[in-house]
1. Somewhere in region 185-196, is a residue modelled with pLDDT under 85 and closer than 26 Å to LEU36 by Cα?
2. State which residue is nearest to LYS409 (Cα to Cα) when the search covers only region 453-467 and only residues that are buried (at least 18 other Cβ atoms within 10 Å of the Cβ) and in contact with a Lys or Arg (Cβ under 8 Å, 6 or more places away or on another chain).
3. Out of the residues in region 256-270 meeting the condition of being in a strand (DSSP E or B) and closer than 13 Å to ASP185 by Cβ, tell me which one is nearest to the ligand (Cβ to nearest atom).
4. With modelled with pLDDT of 75 or more and among the charged types (D, E, K, R) as the only criterion, which of GLU121, GLU52, GLU64 stands out?
5. Residues to consider are LEU133, LEU104, LEU139, LEU127; find the one that is surrounded by fewer than 17 Cβ atoms within 10 Å (Cβ to Cβ), in the same structural domain as PRO169 (by the TED database) and of a type in the set (A, V, I, L, M).
6. Mind counting the residues in region 478-500 that are in a helix (DSSP H, G or I) and free of Cβ contacts under 8 Å to residues at least 40 places away in the same chain?
7. Filter region 154-178 down to the residues that are within 16 Å of the ligand (Cβ to nearest atom) and either at pLDDT 95 or above or aliphatic (A, V, I, L, M) (or both), then identify the one that is nearest to ALA223 (Cα to Cα).
8. Would you point out which residue out of GLU218, GLU231, GLU204, GLU209 is acidic (Asp, Glu) and under 26 Å from PHE80 (Cα atoms)?
Amino acid sequence: MTNRAPLPPEIARRRTFAIISHPDAGKTTLTEKFLLFGGAIQMAGQVRAKGEARRTRSDFMKLEQDRGISVSASAMSFDFRDYRFNLVDTPGHSDFSEDTYRTLTAVDAAIMVIDGAKGVESQTRKLFEVCRLRDLPILTFCNKMDRESRDTFEIIDEIQENLAIDVAPASWPIGMGRDFLGCYDILHDRLELMDRADRNRVAESIKIEGLDDPKLAEHIPEAQLAQLREELEMARALLPRFDRQSFLEGHLTPIWFGSAINSFGVKELMDGIGEFGPPPQIQKSAEREVCPEERKVAGFVFKVQANMDPKHRDRVAFVRMASGHFTRGMKLTHVRSKKPMAVSNPVLFLAADRELAEEAWAGDIIGIPNHGQLRIGDALTEGEALRFTGIPSFAPELLQSVRSTDPMKGKHLEKALMQFAEEGAAKVFKPAIGSGFIVGVVGALQFDVLASRIEIEYGIPVRFEPSQFTSARWVQGAREVVEKLVNANKQHIAHDHDGDVVFLTRLQWDIDRVVRDYEGVTLSATKEMM
Ligand code: G4P
């Protein structure tokens with residue numbers, strides 16, 4: 001859109017982003033350093049302690065700790081220089097892509113972290129593709145330069161070829177592995193040297209007047225300096241220059257090199273997000289585009305998480321503010337139910353704690369504790385009936401039946417399953433015939449996570465078993481025809497947690513038959529989230 005007035009300063013200073021990476025590339029370490037430099041934690045190691053105490057804020061589950069993966073997403077807010085950063089954590093494992101996709105609907109940019117020795121790995125590629133679908137601007141951080149890494153040109157080539165995006169170096173590494181000294185900051189003509197003695201300290205940066213500046217020779221041994229000059233010349237000749245417009249459109253990614261564990265390169269990356277990253281963007285709704293600077297408050301739920309704190313049975317809906325200036329206690333309209341909702345206890349997630357959010361601006365992520373009214377895709381507004389679009393729902397690809405190994409706990413199991421269904425963690429179907437439930441997920445690991453959560457959060461031991469069905473389809477059509485279908489196919493019928501009718505089968509033939517025999521009926525693989 002053209003001719004928009006400049007954003008109010010409070011909105012213009014917000015940067016809402018996620019980090020995407022393959023497990024082990026260093027996302028947790030980088031997050032921790034962000035929080036450290038953002039003043040949200042005092043000491044590295046608070047987010048993830050070593051050894052036995054190993055635990056990330058979002059990694060409270062035993063399963064996550066055992067497997068070293070981060071399953072649950074959370075949002076963290078902190079200030080850095082003049083900016084307010086809202087970092088939305090994305091689950092790292094491929095089986096949680098469903099959650100990750102939704103998380104990426106709530107951010108304006110993403111940081112792609114790659115391991116300098118491994119390059120672009122499978123999970124990075126998948127997540128990158130999701131970012132591309134949304135044209136999200138991407139900043140790249142090539143991590144672990146303190147270890148033997150690939151040649152810098154090779155890394156850049158691989159990203160360009162593998163992901164079909166232009167890569168513009170924002171910094172250039174000097175040496176690698178044991179000889180890694182630091183980086184030349186191409187965008188600001190500065191020399192940044194790594195302090196190996198203190199992992200949490202950042203050495204002073206040294207202002208340089210171009211590549212012939214004699215100061216370079218004071219800090220870089222001759223052979224390495226010659227190599228740096230040669231490489232930078234080649235880079236200038238062969239690689240694209242950073243262009244903000246092209247970055248904002250998602251065609252070009254600036255790349256920084258560094259070592260998260262040594263706090264090196266992190267500040268430059270943070271400066272990059274602040275300086276070049278997009279402020280809160282326009283959000284699309286079915287009715288119209290919602291601009292962040294609009295005076296009225298609007299936002300949408302992109303994630304619901306139950307039992308975040310095992311000590312308090314609560315459920316938190318994560319809301320991305322799309323417009324306006326929200327203040328605590330405001331009465332908003334819950335668009336789906338058309339009911340007013342007084343938002344009196346919204347929370348902001350600071351690194352180690354939750355805090356009451358007294359206010360929030362477009363771009364912010366707030367958590368709203370609730371008893372199940374808020375679902376993924378729901379809109380909250382000052383009255384306007386908006387439906388935000390683009391929040392995907394996925395067809396469950398794997399179906400299993402679940403039962404409690406303690407027969408006394410059947411009723412509780414139902415409650416637990418319904419809760420997870422509303423959270424969007426799984427699809428839950430209650431078959432019309434017989435007892436028990438069928439659970440549908442997108443990735444197999446989700447069954448393990450669910451079993452673990454049901455046991456930890458509800459104290460119910462459960463077992464997932466193969467089900468006789470492999471496909472679930474939502475049935476839509478005129479009431480009479482649907483009733484006729486249900487009555488004649490009871491063994492295939494189930495209801496989801498909203499009470500909607502679902503057709504379960506293992507044969508495509510069955511699906512074709514139903515569509516042919518019941519006129520006007522459609523069987524759909526997904527159900528709209530809103
Ligand atoms: P993830 O969240 O993306 O899965 O990665 P995480 O930060 O957990 O990092 C994975 C491993 O890589 C960790 O080692 C971490 O210490 C290490 N690492 C992160 N950044 C750097 C870096 O810049 N240089 C080097 N050399 N290593 C780095 P770990 O042994 O699995 O765990 P830990 O015991 O060290 O915590």
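The values are calculated or read from the model by the stated rules, or taken from the named source; none is laboratory data. Predicted model only: the values in this text are computed from it and were never measured. Reconstructed Cβ throughout: ideal geometry from the backbone, glycine too, with neighbour counts over all protein chains shown.
1. Within region 185-196, one or more residues are modelled with pLDDT under 85 and closer than 26 Å to LEU36 by Cα.
2. Among those residues, the one meeting the criterion is ILE460.
3. Among those that are in a strand (DSSP E or B) and closer than 13 Å to ASP185 by Cβ, it is PHE264.
4. Selected residue: GLU121, the only one of GLU121, GLU52, GLU64 that is modelled with pLDDT of 75 or more and among the charged types (D, E, K, R).
5. LEU133
6. Residues that pass the stated criteria total 9.
7. Checking each candidate, the answer is ILE174.
8. Among GLU218, GLU231, GLU204, GLU209, only GLU204 is acidic (Asp, Glu) and under 26 Å from PHE80 (Cα atoms).
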